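Asks: Below is the structure I would like to discuss, written out as structure tokens.
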Amino acid sequence: MHSRRSKSFRKKIYLFLVFCVLALVGCGSSSSSKPPTISGSIPPTSVVSTCAIDSTDNTVVSGTVTFDRVLHTNNALDYSNIISQVVRGAVVEIVCNDDGLTLVAGITGKDGSFNLSLPKNTENIFVRVKAQMENAGTPAWNFMVVDNTQNKALYVLDGSSFDLGVDPVMRNLHAPSGWDGSSYATVRAAAPFAILHSIYDAFNKVLLADPEVIFPPLKLNWSKNNTVLPGDLSLGQITTSFFNGDEIYLLGAANVDTDEYDDHVIIHEFTHYLEAKFSRSDSIGGGHSRNDYLDIRVAFSEGLANAFSGMVNDDPVYRDSSGLNQGDGFGFDVDDNNCGNKGWFSECSVHAIIYDLYDNASEPVDTLDFGFTPLFDVLINDQKNTNAMISIFSFIHQLKQKNPLEASGIDTLVSDQNIDVIGDIYGDSQISNDPGSQKVLPVQGQITIDGVPVNVCSTDEFKVGNGLGLFRLLRFTMPNSEGLTISAAKTSGSGIDPDIYLHEKGQVVSKAESTNLENEVLITPVLDTGKTYIIEVYEFGNTFDGVGVTCFDVSVSS
């Protein structure tokens, strides 16, 4: 889930240094006939440390970093089924115990190994692994797991102190789950590294499509205090796991809802980050479920995030644990085409279509095997620049344009979800699936400047906040450059507060959201010749409490 604008913010739904030590894990030396492969290195800042030895002869500190992963049985976490996984791509340092300065730094390899060289006979040092994956240059990334309840402190895992001699030293670090058989009795050191593990898989999926991608920095906020209460994020009152446009927040409250081992949830939120930073998300956010009848923008964004979580794991079963001892939860299969509310308004239909486009399974209605790269290409290029609001219509139409030989197979997938064959980015081809008692078609209708008003109705019939038919969309293209007057005059219903937003390629150009006026008027800035703009009209009361069906005559005048 991610959130949106509001009416001034109620309008629409919507360490001391830089770390906190998770655990001090004693790491004894271990023998190995073959040292681990050398990992990438990070040039340390030039420092003069009390631990440093003036020597031209170096020796090596190597080891492997691992963490506990609690696996699922059905949708619940199964603490009788804990495995050890390696920590890949994380920043690892040798730190002086006396002054806290970093002597040398590197990156753990795909096998969790590190291999760092520093002067022999260096004394009183320890290995630190950061809950951070960082790479400079091209490609580039910087993903950090931080504690939002501790001033965004970066989680780290520290080993015990040791001295170097002449011979190489092996120091293995392990982050335990903290589970004692009945509860989380000790520090949950594994949690941040479990989150990193999911992110590692997700961003490497993107690297397959674009090996030179530059990822904007991302903080993933996790705390054992992060719970389902709304309120102050710095106190852990985050309501749910979500992406806020810049950072991800993840639940961690034991016996309520924890998400550190729910990799589909983590990757779902990472998908919203990808949308925001590489593509475009027009989603208005808000609560959602597979069986909801949703605004088209929400349905696409959430369905895409569900599908991508399955793609990254090559596992279509989405699991989210919760409850006492994390022994409950829910799950669903994004490869299951039997949605209860099939249509262009269904996140279930969206994820079923997109996952079928991706996978290589042969099913009665799925003969396609696009893989990831062609789908990602549409997202970051065509979707980002489409004139329409982002929806399954814009995605499918643009995919068909780029892959005309596969158009028939795509149409079969779409039709199986009760969506008429998609022939444009706006959904104008949709004529047969209008489920409401009030008409919700056309999806993104047309309106003429200085023409006859168009009557549309905002309804809470399906869902208060972000449901189908609540926000009505009308489009026009500017014949010349000028400002316009857009009005929404109430014609029927119990609502008393229409609002108007004007969009161009997903960006809000102008808005009018006066309070308690049955007629709303928007005076636009000068609009550009040839550009397509989309008017969004809705009854504000339907975004919170629900006031029923309210209809407006919408007009545009020069």
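Just so you know, all these numbers are worked out from the coordinates, no wet-lab data involved. Everything numeric in this text was worked out from a predicted model, so none of it was measured. With ideal geometry, Cβ positions are generated from the backbone for all residues, glycine too; neighbour counts draw on all protein chains shown.
Asks: With Cβ to Cβ distances under 13 Å as the rule, what net charge do the other residues near SER177 carry (K, R +1; D, E -1)?
Replies: With Lys, Arg at +1 and Asp, Glu at -1, the neighbours total -1.
Asks: Which percentage, to the nearest 5, of the DSSP beta bridges contained in the stretch 444-557 is antiparallel?
Replies: 90
Asks: At R0 = 41 Å, how high is the FRET efficiency between THR367 and LYS531 if r is their beta carbon distance? Nearest 0.05 is fine.
Replies: With a Förster radius of 41 Å, E is 0.60.
Asks: Please report how far the C-alpha centroid of the stretch 320-338 lies from that of the stretch 225-290, rounded to the nearest whole angstrom.
Replies: 16
Asks: Here's a follow-up. Going by average Cβ density within 10 Å per residue, which order do the peptides 384-397, 222-235 take, highest to lowest?
Replies: 384-397, 222-235
Asks: Just to be sure I follow: if Rg is taken over the C-alpha atoms of the stretch 366-507 and Rh is the Kirkwood radius over the same atoms, what is Rg/Rh?
Replies: 1.00
Asks: Moving on. Can you divide the C-alpha Rg of the stretch 19-278 by 2.2 N^0.38 Å and report the result to two decimal places?
Replies: 1.02
Asks: For the stretch 349-380 and the stretch 540-558, compute the distance between their C-alpha centroids and round to whole Å.
Replies: Measuring centre to centre over Cα atoms gives 37 Å.
Asks: Sticking with this one: I want the local charge near THR386. Using Cβ-Cβ distances under 10 Å, sum +1 for each Lys or Arg and -1 for each Asp or Glu among the other residues.
Replies: Computed value for this residue: +1.
Asks: Report the FRET efficiency, 1/(1 + (r/R0)^6), for ILE496 and ASP246, where r is their Cβ-Cβ distance and R0 is 30 Å, rounded to 0.05.
Replies: It comes to 0.30.
Asks: Ranked by Cβ crowding within 10 angstrom, fewest neighbours first, how are THR56, THR524 ordered?
Replies: Placing the least packed residue first, the sequence is THR56, THR524.
Asks: Could you work out the percent of alpha carbon pairs in the chain separated by over 47 Å, rounded to a whole number?
Replies: Roughly 21 percent, once rounded to a whole number.
Asks: Right, next: In whole percent, what relative contact order does the stretch 19-278 give with Cα contacts below 8 Å and a gap of six or more residues?
Replies: After rounding, I find 20 percent.
Asks: Run the helix sum for the chain: -39,500 (n - 2.57) per DSSP H stretch of 4+ residues, divided by residue count, reported at 222 nm to the nearest 500 deg cm²/dmol.
Replies: Roughly -5000 deg cm²/dmol at 222 nm, from the helical runs in the chain.
Asks: Among 471-477, 348-354, 97-103, how do they line up by average Cβ neighbours within 10 Å per residue, starting with the highest?
Replies: Ranking the peptides 471-477, 348-354, 97-103 by packing returns 348-354, 471-477, 97-103.
Asks: Each label point is 7 Å from the Cα along the Cα-to-Cβ direction; what then is the distance between the points at LEU71 and ILE431, in nm?
Replies: If labels sit at LEU71 and ILE431, their model points lie 5.3 nm apart.
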